[in-house]
Amino acid sequence: MPEVLDPYEIAKIQLKKALDVLNYPDKESVFNRLSVPERILEVAIPVKMDDGTIKVFTGYRSQHNSARGPYKGGVRYHPNVSKHEVIALSMWMTWKCALADIPYGGGKGGVIVDPRKLSRRELEQLSRGYFRAISRIVGPDIDIPAPDVYTDPQIMAWFFDEYSKLYGYNAFGVVTAKPLELFGSLGRIYSTGYGTAVAAREAAKVAGINLQGATVAIQGYGNAGYYTAKFLHEWGAKIVAVSDTKGTIINRNGLDPDKVNEWKHNKSAKRSVIDYPDAEERKEGDSKYPLFMDVDIVIPAALENQITGENADNVKAKVISEAANGPTTPEADEILNKKGVIICPDFQANAGGVIVSYFEWVQNREGIIWTEEEVRRRLEEKIVNSFHAMYEAKQKYNVDWRTAAYIVAVDRVVKAMRLRGWL
Ligand code: GLU
C-alpha cells in the first residue's frame, strides 16, 4: 500500500494513535471533535502587480481548537500551501501549545505563493491584503498569527500595521515575532533553534551521548537550522554537515555555523551553502543527505515528509530533534522506534518559536520589556519541562516518542474541553 503523505491524514493518524493509548471511553467522540478545525476561512487576495495586472492569490486561516486559549500559529507563504496542509499545521499548533503549557489553542495560516517571485511592493500588498481579509477572525484575544515558512518580522510589521489601522489602535498583541523596534521580544529571532538545541541536548543525556564532541548533521539551513547548529556548536558539538535546497556540504572536522550562515546570505554566488569553501565534500542536489549520515544527532530543519517508510531504515543517528514541522511520516516513526532512535518530535522540539511568541504577547499586553536572559531562561525551562513530561509518558505508556508527546498534549486539551462542557 502506498504510504499516506497528505499532512492532514498524517495528523489524524497521529491523533488516533494517541487516543487509542489514552483509551477514553468516549474516544470516538473525542476524535470526531478534534480531527476537524473549529473554523477554516479561505480568502481571495487581489494584488495589483508591478506590471499593472491584477493577480488573485488564495489564502487560508485554520483555527483548530480554542479550549485552552486564543488560536496561535504562523502564516506560511509557499507554492505548495493547501487547505489540508494548513489544517494539519493548525492541529499541530494545538498540540504544540498544549505540550509547552502555554495558554493558547492552535491555528495556522497560509497563502499559495512563491514570495521569492514578488517585488517588495507586491509582497507588502499581498501581506496587507491577506491580513485585511482575515482581520475579522483574528485579534489579540482571538487568534494571534506569527511567521512560518517564508514569512518574517517585516511581514509581521505589515500585518500589525494593517490591523491597527483597521481597528484604530496600536494592537501590538495581534501578531508576534514583530521586529524589535515594534516590540518584538528579545530572543525571538533564535528561539526556535534554541529550543531545538535544548531538546537535542536533553535527548542526548537520555541516550548517554556527551554533547562535547557529539556529531550533528542538519537538513535545511534557514533560521531554525542555523540557530540549532549555532547553539549546539556553542555547547561543544561538532556540526559535520548541513544542507539546503541546492545540496549538502560536509566537513568531518566541524563546520563553523556562523561562517556558513554568513556565506549563504552574503557571499555565495548561489545564495546557498553549497559553494562554501571550507567543505571537505559536497553532495550537489542532495539535500536529504544529512538525515542518513553516521552521526550522533540529526536535525531535520526543512519541510514535511523527509524521513519516510522507504528511507527510515537508513537513519544511523541515535537522536533526532525535529526543527521542521512534520518531517517524519508515521511509517518512518514505527521503524525509528524499533531502531531505538530518540525522537524529539516537531511540536516538542520546535516549540521555542511559539513559546517566545507567547512571551512577546505577555510583554506587549503588560507594556514591559524582559531582558534577553529572562527570555532565554524561561524558554529553556519550558522546553526542558515538555521534554520530561513526554519522557514520563513514554515510560508510563511504553509508546514511541511522538505518541508520548501527543498523549501529554491531547490529554491537556481534552481535560480543558471536558471542564468547559465541550465533551
Ligand atoms: N510558525 C511557528 C511554529 O510553527 C511559530 C508560531 C508562533 O510563533 O505563533 O511554531
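The values are calculated or read from the model by the stated rules, or taken from the named source; none is laboratory data. Keep in mind the model is a prediction, meaning the values are calculated, not measured. Because the Cβ atoms are built from the backbone with ideal geometry, glycine has one as well, and the counts that use them run over all protein chains shown. All accessible areas refer to the heavy atoms of the entire protein, side chains included, with ligands and DNA or RNA removed. Shrake-Rupley method; radii C 1.70, N 1.55, O 1.52, S 1.80 Å.
Worth a mention:
- Close pairs from the range 79-107: first over 22 Å from Leu379 (Cα atoms) and more than 11 Å from the ligand (Cβ to nearest atom), partner of a type in the set (Ser, Thr, Tyr) and open to solvent by less than 10 Å² (accessible area, probe 1.4 Å), Cβ under 6 Å, at least 6 apart: Val86/Ser62; Ile87/Ser62
- Test: residue in the range 121-137 that is more than 16 Å from the ligand (Cβ to nearest atom), part of a helix (DSSP H, G or I), at negative phi and aromatic (Phe, Trp, Tyr): no
- Residue ID - surrounded by the most Cβ atoms within 10 Å (Cβ to Cβ), chosen from residues in the range 47-58 that are in contact (Cβ under 8 Å) with a residue 24 or more places away in the chain and in a strand (DSSP E or B): Val47
- Looking across the range 59-114, the residues that are among the small types (Gly, Ala, Ser) and surrounded by 24 or more Cβ atoms within 10 Å (Cβ to Cβ) come down to Gly59, Ser62, Gly73, Gly74, Ala88, Ser90, Ala98, Gly105, Gly106, Gly107, Gly109, Gly110.
- Scanning the range 381-393 for residues that are under 19 Å from the mean Cα position of the chain (by Cα) and surrounded by fewer than 18 Cβ atoms within 10 Å (Cβ to Cβ) gives Glu381, Val384, Asn385.
- Of the listed requirements (1) within 16 Å of the ligand (Cβ to nearest atom); (2) in contact (Cβ under 8 Å) with a residue 24 or more places away in the chain; (3) not charged (D, E, K, R), Gly285 misses just one: (1).
- Subset of the range 314-342 (residues that are within 21 Å of Ala393 (Cα to Cα), within 16 Å of the ligand (Cβ to nearest atom) and of a type in the set (S, T, N, Q)): Ser321, Thr328
- Matching residues in the range 343-401 - criterion: being within 16 Å of the ligand (Cβ to nearest atom), assigned to a helix (DSSP H, G or I) and small (Gly, Ala, Ser): Ala349, Gly352, Gly353, Ser357, Ser386
- Residue check for Lys72: touching a helix residue (DSSP H, G or I) at 6+ places or on another chain (Cβ under 7 Å), basic (Lys, Arg) and within 13 Å of the ligand (Cβ to nearest atom): yes
- Of the residues Ser82, Ser135, the single one that is of a type outside the set (Lys, Arg), at pLDDT 95 or above and within 19 Å of the chain's Cα centre (by Cα) is Ser82.
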